[in-house]
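Inspection log for the structure reproduced underneath, given as structure tokens.
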Amino acid sequence: MSKINWDVVWSVLRTSLVAGGPVGTLLIALDFPPVSVGKWLGIALALVGVLSFVVPGIVGALKQTDQGKANSIEKLDPEGKAAVLDKLPDQTKLAAVNALPDVQAVIVKDTATDGVAIAAHDPLLEKVVTETHAQVH
């Protein structure tokens, strides 16, 4: 999937706005009705104005989705990824490991506390089990 270079898009739109004056003058000189030229240039100006805040708003909102956040982390270097991982709660880390298809079980100490203990007793994290529960199976 190709990525949109928004700097280029905005540069083209700004250039179009700047060119609007000379283009309008040329169209009027070529006997296009001044009212029509003014109307269409006004529509173009309004459209660019609206797009200048709507598009960045939509792009910004999409970056706030879970997939957008995951994509942001994926772009980090290994040290950056480690820093993000260090800030995640233990329960979240175990949920991520639980989702890996090649992981059969995550065995947690019976004395685990905080997020690790909560994850070990979370029925949605079926691969995360305590030592005692792992011995039973």
### Message
For segment 68-85, check the following and say yes or no: at least one residue is without any contact (Cβ under 8 Å) to a residue 24 or more places away in the chain and under 30 Å from Q135 (Cβ atoms).
### Response
yes
### Query
Is it fair to say G115 is under 30 Å from E131 (Cβ atoms) and among the small types (G, A, S)?
yes
### Message
Checking the conditions here, which among L51, L17 is part of a helix (DSSP H, G or I), among the hydrophobic types (A, V, I, L, M, F, W, C), surrounded by 11 or more Cβ atoms within 10 Å (Cβ to Cβ) and modelled with pLDDT under 80?
### Response
L17
### Query
Can you pull out the residues in segment 40-84 that are under 19 Å from the mean Cα position of the chain (by Cα) and of a type in the set (D, E, K, R)?
K63, D66, K69, E74, K75, D77, K81
#### Entry: Count of residues meeting criterion [of a type outside the set (V, I, T) and surrounded by 12 or more Cβ atoms within 10 Å (Cβ to Cβ)] in segment 1-14
3
### Task
Test each condition in (1) within 30 Å of V128 (Cβ to Cβ); (2) surrounded by 12 or more Cβ atoms within 10 Å (Cβ to Cβ) for F32 and report the one that comes out false.
(1)
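The values are calculated or read from the model by the stated rules, or taken from the named source; none is laboratory data. For clarity, every value in this text was computed on a predicted model and none was experimentally measured. Note: ideal-geometry Cβ built from the backbone for every residue, glycine included; neighbour counts use all protein chains shown.
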